[in-house]
Amino acid sequence: MRTAQAAVHHLCSTVDNLDPTVAKQHVEHQFRLFWLLVEKLEKPRTLGTQLLLQIPSDVQRRLIERYYAIDEVFVREVVGKKFTHRLRRDLDYICARVNVSVTSALRQYDNCRRVYKCLQYNDVNTADTIRSTFLISTELAVKYQRIVFLARYKLNLSHKRLTCLTYTDVDQLVSVLLDKWTDGKTITMNVNFKDVRDLKALLNREAHEQYRRAVLQALSPRFAEAKLRALEPKAREIIKAILNIGAEIADSKELRDMCVDLVEKVADPCKAAALLADDTRLLLDSICDQFEQKWVSYARHHQRLLQSWRVFLHGISSCLVLMYDKLPQS
């Protein structure tokens, strides 16, 4: 009701000498037409075949695009969560916090759930599938693809350490993961995280210490002595944390705690050592390179293990650098 009243007020304020009664009738008529079309908008392909209203094709496209449009502030609150009925019941609380109308939130939630279900058994060319099924633009289809990826792998982005990340940051983060850890057409990760878990088992305490020294030695020409000295006691725990992150993904088949662990177990020690984002990238590059040069040749199937380790680290490194400067000091 408030929405209709606001529409009448807006119409009267923008059209000179418009009778409020006429404005009210016009708005009510538009609302009735919209509710007649909602069922068709939920299945956009039926909009063009319905005979109830004659709607030009360009108007149909605009209607569908606006119906499936997303509010970035609202979506930031729900990304990484499965689209369950429990989440739907919690929308009132979310709406009050981010100042989004419940009607808008319900529409966006139902749209996300509809797209998620569409991809549940169809993981081929996912962005194209979304675009052709829901008749939306490629740009919007890619946004939904990333939202579904987060929901599928349950990446926890609501942790208090990650509230500094905006929707745009999250969107870029998922873009990196899709680029590094999928074939680019699907949302199924093709990294063998079990290989990362196996690599972890190769390193005993002595090997860890040798690994740490090799990484620091490789960094010595590029880091100032004070920075290297500050990093020295933290390098082993950083390497161990990265291996643990890969092993946990292998065990759970989810990314749930990946970003939180990256922040608390990798970014925090790096920041404590006064490393900048570019320094952190150099550190992770060195971790990858030194493993390749010193230990991987002793393992069976070492080329496969090395490839998995390299792909995993490139994804981790890109995500960490993307978040790094946004993160407050712990």
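The values are calculated or read from the model by the stated rules, or taken from the named source; none is laboratory data. For clarity, every value in this text was computed on a predicted model and none was experimentally measured. With ideal geometry, Cβ positions are generated from the backbone for all residues, glycine too; neighbour counts draw on all protein chains shown. Protein only, heavy atoms only, side chains kept; ligands, DNA and RNA dropped before computing areas. Shrake-Rupley method; radii C 1.70, N 1.55, O 1.52, S 1.80 Å.
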Contacts under 6 angstrom Cβ, first residue in region 237-252 being in contact (Cβ under 8 Å) with a residue 24 or more places away in the chain, partner open to solvent by 40 Å² or more (accessible area, probe 1.4 Å), 6 or more apart: Ala241/Lys265; Leu243/Lys200; Ala247/Arg197; Ala247/Lys200; Ala250/Lys194; Ala250/Arg197
Residue within region 55-67 that is within 29 Å of Cys118 (Cβ to Cβ), basic (Lys, Arg), open to solvent by less than 60 Å² (accessible area, probe 1.4 Å) and modelled with pLDDT of 90 or more present: no
Output for region 119-129, where each listed residue is open to solvent by 30 Å² or more (accessible area, probe 1.4 Å) and outside any loop (DSSP other than H, G, I, E, B): Asp128
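Residue by residue, here is whether (1) under 23 Å from Asn190 (Cβ atoms); (2) of a type outside the set (Asp, Glu) holds:
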site	(1), (2)
Asp71	no, no
Asn99	no, yes
Thr103	no, yes
Gln108	no, yes
Gln120	yes, yes
Arg131	yes, yes
Ile136	no, yes
Hey, Ser132 over 24 Å from Ser252 (Cβ atoms), of a type in the set (Gly, Ala, Ser), modelled with pLDDT of 95 or more and surrounded by fewer than 22 Cβ atoms within 10 Å (Cβ to Cβ) or not: no
Count of region 68-89 residues which are open to solvent by 40 Å² or more (accessible area, probe 1.4 Å), assigned to a helix (DSSP H, G or I) and not β-branched (Val, Ile, Thr): 6
Tabulated pairs, region 257-277, first open to solvent by less than 10 Å² (accessible area, probe 1.4 Å) and of a type in the set (Ser, Thr, Tyr), second assigned to a helix (DSSP H, G or I) and at pLDDT 95 or above, C-beta under 6 angstrom, 6+ apart or interchain: none
Test: residue in region 171-190 that is of a type in the set (A, V, I, L, M, F, W, C), assigned to a helix (DSSP H, G or I), farther than 30 Å from Val73 by Cα and touching a helix residue (DSSP H, G or I) at 6+ places or on another chain (Cβ under 9 Å): no
Criterion (in contact (Cβ under 8 Å) with a residue 12 or more places away in the chain, in a helix (DSSP H, G or I) and over 23 Å from Lys40 (Cβ atoms)) met by exactly one of Ala105, Ala96, Ala141, Ala151: Ala151
Count - residues of region 201-222 that are without any contact (Cβ under 8 Å) to a residue 60 or more places away in the chain and either surrounded by fewer than 18 Cβ atoms within 10 Å (Cβ to Cβ) or hydroxyl-bearing (Ser, Thr, Tyr) (or both): 10
First in region 168-196 and within 19 Å of Met323 (Cβ to Cβ), second anywhere and at pLDDT 95 or above and open to solvent by 60 Å² or more (accessible area, probe 1.4 Å), Cβ under 6 Å, 6 or more apart: none
